[in-house]
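S.K.: Before anything else, here's the structure in question.
The values are calculated or read from the model by the stated rules, or taken from the named source; none is laboratory data. What you are looking at is a predicted structure, and each value in this text was computed from that prediction instead of being measured. Positions of Cβ are backbone-derived with ideal geometry, glycine not excepted, and every protein chain shown enters the neighbour counts.
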Amino acid sequence: MLSDEHLAKQAKSHFSQMKKSEKLSNNASHKAMVNRIGSRIAGVAQVDLPGTEWEFVVFDKKEANAFAMPGGKVGIYTGLITLAKGNEDEVAAVIGHEVAHVALRHSNKRMSQAIGIGLGGIILETAMRNKGDSDRMLARGAYGVGTAVGLALPYSRSNEREADHRGLYYSAMAGYDPRASINFWKKMQKASSGGKVPEFLSTHPDSGKRVEFLQSHMDHAMALYRQAKQARGEKPNP
């Protein structure tokens with residue numbers, strides 16, 4: 001796999017370019033909230049990623065989305081905060097998920113996998129060198145579809161499930177109500193119901209199945225949440 005240091009350096013450079021080329025939010029309360037949540041969750045995740053230079057930035061985009069890069073660079077879109085109606089626990093559920101992607105080194109695994117897929121394509125081209133144009137085109141097409149549906153995307157869905165699991169615990173351990181993750185994904189499910197992409201060809205699990213998965217781990221998450229609130233001297237939500 002590619003080294004963490006190499007990917008973190010690349011991500012830092014790309015993130016800096018994004019901050020220059022993309023419109024940033026000027027909403028002071030949104031920025032303060034995201035940084036507050038990010039700081040608390042990063043503090044919990046630090047045991048898995050010591051020395052990470054975390055950075056949380058709000059981009060002024062209407063889509064309900066967020067992303068994470070190696071080295072702790074996390075972007076949140078204003079559309080996501082709007083969908084959550086500014087609820088800190090719901091935003092924390094998403095930030096916990098994105099921080100988990102970084103902690104689980106999913107970008108590293110995905111990029112290493114992409115290199116393997118690229119090598120497979122080169123080998124295929126070599127094997128088909130003496131075939132006719134139509135045969136080569138069919139082989140390329142079959143390789144591309146087979147790779148996407150049978151290899152790359154299922155691996156990505158697996159990444160999403162892992163990030164759901166660990167992210168749920170990260171947000172709970174940071175003192176955010178994990179039940180908010182259920183509320184948020186139900187909102188996301190409703191918002192995407194008009195043009196819903198079938199789960200089979202989606203890199204994200206179906207929101208309904210995601211809710212079921214999160215619910216199955218909620219008892220433990222709630223225990224972590226109550227412990228965290230007690231340690232902070234705060235009263236947990238009933």
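S.K.: Looking at segment 22-34, can you tell me whether even one residue there is surrounded by fewer than 16 Cβ atoms within 10 Å (Cβ to Cβ), more than 24 Å from A191 (Cα to Cα) and not small (G, A, S)?
M.R.: yes
S.K.: Could you count how many residues in segment 160-177 are touching a Pro at 6+ places or on another chain (Cβ under 7 Å) and either crowded, with 22+ Cβ neighbours inside 10 Å or modelled with pLDDT of 95 or more (or both)? Outline the logic, then answer.
M.R.: Initial filter on segment 160-177 (touching a Pro at 6+ places or on another chain (Cβ under 7 Å)): 160-161, 168, 171-172.
Keeping just the survivors that are either crowded, with 22+ Cβ neighbours inside 10 Å or modelled with pLDDT of 95 or more (or both) gives 168, 171-172.
Of the residues in segment 160-177, 3 are touching a Pro at 6+ places or on another chain (Cβ under 7 Å) and either crowded, with 22+ Cβ neighbours inside 10 Å or modelled with pLDDT of 95 or more (or both).
S.K.: Counting only residues that are aliphatic (A, V, I, L, M) and at pLDDT below 90, which one in segment 201-221 is surrounded by the most Cβ atoms within 10 Å (Cβ to Cβ)? Lay out the reasoning, then the answer.
M.R.: Of all residues in segment 201-221, those aliphatic (A, V, I, L, M) come to 201, 211, 214, 218, 221.
Checking which are at pLDDT below 90 leaves us with 201, 211.
Working: L201: 9, V211: 19.
My answer is V211.
S.K.: Output the residues belonging to segment 1-52 that are within 21 Å of E90 (Cα to Cα) and of a type in the set (V, I, T).
M.R.: V34, I37, I41, V44
S.K.: Within segment 43-67, work out how many residues are surrounded by 15 or more Cβ atoms within 10 Å (Cβ to Cβ), β-branched (V, I, T) and more than 19 Å from S16 (Cβ to Cβ).
M.R.: Summing the residues that are surrounded by 15 or more Cβ atoms within 10 Å (Cβ to Cβ), β-branched (V, I, T) and more than 19 Å from S16 (Cβ to Cβ) in segment 43-67 gives 1.
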